[in-house]
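For reference, the structure discussed in these notes is given below.
The values are calculated or read from the model by the stated rules, or taken from the named source; none is laboratory data. Remember, predicted model here, so these are calculated numbers, not experimental data. Counting neighbours? That spans all protein chains shown, and the Cβs are built from the backbone with ideal geometry, glycine included.
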Amino acid sequence: MKKIISPWVDRDEYMCFACSPKNDHGLKMEFFEDGDDIVSIWKPTTYAQGWVKTLHGGIQCTLMDEVGGWVITRKLQTAGVTSKLDAKFIKSISTDEPQLTIRGRIKEQKRNAVFLEAEIYNSKGEICANANMLYFTISKEKALQDFSFVECKTEGE
């Protein structure tokens, strides 16, 4: 797996709840490219719980949605917005889990509509949640103009 470098890491206004390393209240997700998949390894904590020692479903959706966003950023080299996220919770996730693996990939693309899928796996490799998502991408010119997005690289590129 190759670590993905955020194209916004040096920007002061980069405070994404899911992925900014500077957001003290955020999830601080990091991303890796593994073939066609984008992967994040994340450790749950009690601040993200819903029920006692159970990872909140909204946080699970955020984890899958954010991986989807990074699929767009890395694989299509542009920005996009989530239009639809259909999540299924299969197995509860304990906030005591040593780590979760979140994986996402493109299923299909029709012009600027991109259909993605993502899953969350516990430390035993069991699938705990999955989502089908629809993103709408923007042109690379608009991504540069509106988001200062130039390109997304991995370490060593």
Report summary line: Here the residues within the stretch 79-95 that are out of contact with any Asp or Glu (no Cβ under 6 Å at 6 or more places or on another chain) and either part of a strand (DSSP E or B) or among the small types (G, A, S) (or both) are A79, G80, V81, S83, K84, D86, A87, K88, F89, S92, S94
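Only one of these is outside any helix (DSSP H, G or I), modelled with pLDDT of 95 or more and surrounded by fewer than 19 Cβ atoms within 10 Å (Cβ to Cβ): G104, G58, G125. Name it.
Just a single option satisfies the conditions, and that option is G125.
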Query raised in the report: If you check every pair at least six apart or on different chains, which have Cβ atoms under 9 Å apart with a residue in the stretch 79-92 that is within 11 Å of F115 (Cα to Cα) and at pLDDT 95 or above first and a residue that is among the charged types (D, E, K, R) and not in a loop (DSSP other than H, G, I, E, B) second?
Result: T82/D65; L85/D65
Query - Flag for A113 being in contact with a Phe, Trp or Tyr (Cβ under 8 Å, 6 or more places away or on another chain), more than 25 Å from I41 (Cα to Cα) and surrounded by fewer than 19 Cβ atoms within 10 Å (Cβ to Cβ) - result: yes
Report summary line: Scanning the stretch 26-59 for residues that are polar (S, T, N, Q) and in contact with a helix residue (DSSP H, G or I) (Cβ under 9 Å, 6 or more places away or on another chain) gives S40, Q49
